[in-house]
Amino acid sequence: MVDPNQNGTTDAEIRRLRWQCRRGMLELDHLLMPFLDQGYRHLDPRRRAEFVTLLAQQDQDLSDWFMSRCVHEDPRLHDLIRHIVAVVAAQQS
Amino acid sequence: MSIPTRHFDALIIGAGGAGLNAALQLASADVHVAVVSKVFPTRSHTVAAQGGVNAALANVLPDNWHWHMFDTVKGSDYLGDQDAIEFMCREAIPTVYELEHAGVPFSRLDNGKIYQRPFGGQSQDFGGDQAARTCAAADRTGHAILHTLYQQNIRARTHFFDEFFALDLVRDKEGAICGALVLEIETGEPILIEATAILLATGGCGQIFRTTSNAHINTGDGCAMTLRAGVPLMDMEFYQFHPTGIAGKGMLITEGVRGEGGFLVNKDGERFMERYAPRAKDLASRDVVARSIVTEVKEGRGAGENGDYIYLKLEHLGANVIEKRLPGIRESSRIFAGADPVSQPIPVFPTAHYQMGGIPTDRFGRVVIPAKYGAEEAVAGLYAAGECACASVHGANRLGGNSLLDILVFGRLAGKDIIEYVRTNHSRRETDPVSLEQAMARLTRWDHTGEGVPAHQLRAAFRKCMEDHAGVFRTEEVMAEGYKKLGELRECFKDARLGDQSKVFNTARIEALELENLIDVGLAVAVSALHRKESRGAHSRPDYPKRDDVNWMKHSLYYRDGDRIDYKPVRTKPLTVESFPPKERTY
């Protein structure tokens with residue numbers, strides 16, 4: 001679980017984001033929720049804002065980006081997507 | 001008890017394809033309609049449906065609805081109601097055209113007509129050559145349909161309660177269902193929504209099993225609310241499993257992997273399918289492969305630390321073949337199993353995929369129960385559509401391309417029926433305070449502090465027990481033991497506690513509320529499966545390996561009160577054509 005007080009992340013922020021991580025596709029559930037728990041607190045404020053931007057995207061698009069069927073046109077969001085995949089995949093190894 | 005109250009003509013709980021299609025019919029007819037969804041509507045599980053929608057448009061090959069009907073009756077292993085199936089196959093055609101006109105970007109042929117792809121189980125001329133019946137929007141059909149319907153609902157001014165969780169149905173003093181108590185997830189505060197008609201469209205319940213392809217939102221909420229309202233669930237023993245999901249996670253690994261030459265091995269490296277299916281081996285039917293995998297695990301030949309999965313090997317295919325033909329599988333395995341199939345086997349286990357049973361309805365989406373006199377009667381003002389409902393078009397097994405069809409046809413027709421219902425039932429019904437208190441008790445019980453079982457632990461234990469005892473391996477011994485254990489877990493639930501009693505975005509509280517739904521619906525599956533002593537469609541029992549049309553061609557009805565089972569006959573008479581009598585299924 002996330003330590004709510006670490007790196008300026010508030011409990012309210014995490015609670016709100018956790019429900020945004022509930023999606024229509026199992027793959028997204030298994031990427032976004034674990035990342036919120038394991039990776040989000042290590043992001044700087046700019047990247048946290050990018051994560052929030054990502055959560056506002058459509059499920060099918062997210063799935064395509066995460067599963068490498070296509071590349072996000074914004075290089076910063078593309079980097080964040082690959083970072084999320086790397087963090088989650090590392091937990092499986 | 002003072003709770004904010006809203007009034008609508010119609011209330012729809014669930015915002016997937018069924019709920020949104022119904023809402024669109026209603027809003028377009030100027031009916032005051034509200035949709036409650038626990039996630040933002042376009043995050044509903046319909047978005048994950050990639051395959052397509054069956055409709056006999058005959059754009060690619062000759063086709064007609066009667067052939068579609070034959071395939072669906074046969075696919076149901078003759079447990080589907082033939083009047084409902086005829087109705088669905090006829091209505092498929094206008095339903096698809098209506099979606100086309102609403103803006104769904106279906107893939108096209110060069111002549112401009114909707115493209116149709118062939119799928120398993122489709123035939124021309126009652127079992128003849130392969131048919132091509134599935135309309136798709138590339139590989140994102142569910143996404144395209146969901147977004148189109150959502151946008152059209154916004155245009156039609158449907159009222160959305162986004163991120164609201166439905167707690168329970170409520171009744172008036174005469175006992176008629178008149179609304180639902182819902183919880184605003186952001187604030188943790190309840191709201192009472194009263195309506196003349198209520199449609200449950202909450203989707204499937206795959207999360208009752210540990211390993212499932214369903215998203216986390218699929219917790220059987222509508223089915224559980226129905227059970228608590230005293231309405232039985234129908235044919236819940238029929239649950240479709242896919243033999244190969246990523247172990248412990250559930251993501252589907254398509255059969256195409258074994259078609260390309262991938263094979264299964266146990267912890268000793270043995271190709272065990274040679275023992276179970278000497279001819280077909282790894283390409284045996286889904287239920288045979290799934291049961292073989294579980295047998296290996298049960299007999300101690302499973303791999304991994306807990307010996308609870310087997311391996312799917314692809315290394316011998318080589319990196320080029322895997323990258324070229326199975327790129328999605330490689331990525332999935334790398335991310336979710338931590339195994340690159342180029343050099344490592346994929347850990348797999350059967351994954352729960354689709355619920356054939358559900359809330360019993362007629363072909364207009366009206367919830368029906370056994371009547372005191374006569375066959376059955378509608379529950380006034382209560383409707384259900386989509387995967388949570390059972391209009392009995394899938395029977396014991398569902399054909400590919402018929403799930404999106406089911407939600408769209410019956411969502412549409414339920415919407416049309418509700419329009420008539422609300423126009424002829426004007427009087428507003430007020431909620432009985434006793435009923436409201438009962439619904440509120442579901443919520444306030446989680447305010448209790450003190451000693452108890454952590455709700456999340458109980459959730460994990462229950463899902464594992466369902467997988468072990470009501471999954472693909474169903475013998476009397478395994479299921480009877482499972483029923484006992486599940487009953488004990490249900491008792492434990494009374495002492496379940498939350499560590500956090502706060503209100504704002506308390507997702508642990510929502511998950512605890514979902515746990516109650518999982519337990520209610522899981523027991524419906526387990527008890528129904530225990531009672532059906534035959535093998536039919538997706539319900540496969542090694543101790544009763546044959547289909548038994550003499551004793552078991554009937555629908556199960558599970559009541560929560562006392563875990564009671566009742567039965568009702570299959571409707572074998574179609575609306576306008578001759579019946580298809582039961583035959584042995586061969587493909």
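The values are calculated or read from the model by the stated rules, or taken from the named source; none is laboratory data. Since we're looking at a predicted model, the values are computed, not measured. We place every Cβ from the backbone using ideal geometry, glycine too, and count neighbours over all the protein chains shown. Just so you know, the surface numbers come from the protein's heavy atoms only, side chains and all, with ligands and any DNA or RNA stripped out. Shrake-Rupley method; radii C 1.70, N 1.55, O 1.52, S 1.80 Å.
Table for the structure above
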{"item": "B:His426, B:His353, reordered so the largest accessible area comes first (probe 1.4 Å)", "result": "B:His426, B:His353"}
{"item": "Computed label-point distance, nm, for sites B:Thr586 and B:Lys113 using a 7 Å Cα→Cβ extension", "result": "3.3 nm"}
{"item": "Positive-end extreme of charge dipole, chain B - chosen from B:Ala414, B:Gly487, B:Phe165 (charges on Cβ)", "result": "B:Ala414"}
{"item": "Stretchable slack from B:Glu100 to B:Lys533, in nm (0.36 nm times residue separation minus alpha-carbon distance)", "result": "151.5 nm"}
{"item": "FRET efficiency, B:Gln344 to A:Arg82 (Cβ-Cβ, R0 22 Å, nearest 0.05)", "result": "0.55"}
{"item": "³J(HN,Hα) computed for each position of the range B:283-299 - Karplus, 6.51 cos²θ - 1.76 cosθ + 1.60, integer Hz, glycine/proline x", "result": "9, 5, 4, 3, 5, 5, 5, 4, 5, 5, 4, 5, 4, 4, 5, 5, 8"}
{"item": "Accessible surface of the protein assembly as shown [probe 1.4 Å, protein heavy atoms]: carbon and sulfur percent", "result": "49 percent"}
{"item": "Residue-span extension gain [B:Ala138 to B:Asn425] - 0.36 nm each, minus C-alpha spacing", "result": "99.0 nm"}
{"item": "Cβ-Cβ FRET estimate between A:Asp74 and B:Glu451, R0 fixed at 56 Å, reported to 0.05", "result": "0.65"}
{"item": "In range of the label at B:Lys484: residues from the range B:443-474 whose backbone nitrogen is under 15 Å from the point 7 Å along Cα→Cβ", "result": "B:469"}
{"item": "Förster-model FRET efficiency, 41 Å R0, B:Gln501 and A:Ala49, C-beta, rounded to 0.05", "result": "0.85"}
{"item": "Residue-averaged 222 nm ellipticity for the protein assembly as shown, from DSSP H runs of 4+ at -39500 (n - 2.57), nearest 500", "result": "-12000 deg cm²/dmol"}
{"item": "Partners for B:Lys74 among aspartates and glutamates (Cα-Cα distance below 12 Å; same-chain residues under 8 apart left out)", "result": "B:Glu584"}
{"item": "Trypsin sites (Lys or Arg not before Pro) restricted to DSSP loop in the range B:486-576 with at most 16 other C-beta within 10 Å", "result": "B:Lys494, B:Lys503, B:Lys533, B:Lys546"}
{"item": "Over the range B:244-350, relative contact order from alpha-carbon pairs under 8 Å, at least 6 apart, %", "result": "34 percent"}
{"item": "Area of B:Phe364 that stays accessible when all protein chains are in place (1.4 Å probe, Å², to 10)", "result": "60 Å²"}
{"item": "Normalised contact order of chain B, rounded percent, pairs of Cα under 8 Å and 6 or more residues apart", "result": "21 percent"}
{"item": "Probe 1.4 Å, protein heavy atoms only - accessible area per residue of chain A in square angstrom", "result": "43 Å²"}
{"item": "Net charge contributed by nearby residues that have their C-beta within less than 13 Å of B:Leu181 (K/R +1, D/E -1)", "result": "-3"}
{"item": "For chain B, the Rg and Dmax computed from alpha carbons only, in angstrom", "result": "23.2, 69"}
{"item": "Summed buried accessible surface, chains B and A, 1.4 Å probe, nearest 100 Å²", "result": "3000 Å²"}
{"item": "Complex-versus-alone comparison for the range A:48-79, residues with a loss of 40 Å² or more in accessible area, probe 1.4 Å", "result": "A:Gln58, A:Gln60, A:Met67"}
{"item": "Distance (nanometres) between label positions extended 7 Å along Cα→Cβ at B:Glu186 and B:His7", "result": "2.6 nm"}
{"item": "Protection-proxy order for peptides B:120-129, B:465-474, B:511-520, A:28-37, each taking the mean of Cβ atoms within 10 Å per residue, highest first", "result": "B:465-474, B:511-520, A:28-37, B:120-129"}
{"item": "Entries of B:Lys533/B:Lys568; B:Lys173/B:Lys372; B:Lys173/B:Lys494; B:Lys464/B:Lys546 with Cα pairs more than 24 Å apart", "result": "B:Lys173/B:Lys494; B:Lys464/B:Lys546"}
{"item": "Heavy-atom accessible area ranking, 1.4 Å probe, most first, across B:Ile565, B:Ile13", "result": "B:Ile565, B:Ile13"}
{"item": "Loop trypsin sites (Lys or Arg not before Pro), the range A:32-93, which have at most 14 other Cβ atoms in a 10 Å radius of their Cβ (DSSP)", "result": "A:Arg69"}
{"item": "Accessible area per residue in Å² at 1.4 Å probe, computed on the range B:44-155", "result": "35 Å²"}
{"item": "Cα-centred dipole magnitude for the protein assembly as shown, charges only on beta-carbon of K, R (+1) and D, E (-1), debye, nearest 20", "result": "540 debye"}
{"item": "Solvent-accessible area per residue, Å², over the range B:491-587 with all protein chains present [probe radius 1.4 Å]", "result": "47 Å²"}
{"item": "q = 0.05, 0.10, 0.11 Å⁻¹: log10 I(q)/I(0) that the Debye formula gives for the protein assembly as shown, counting C-alpha atoms only", "result": "-0.21, -0.94, -1.18"}
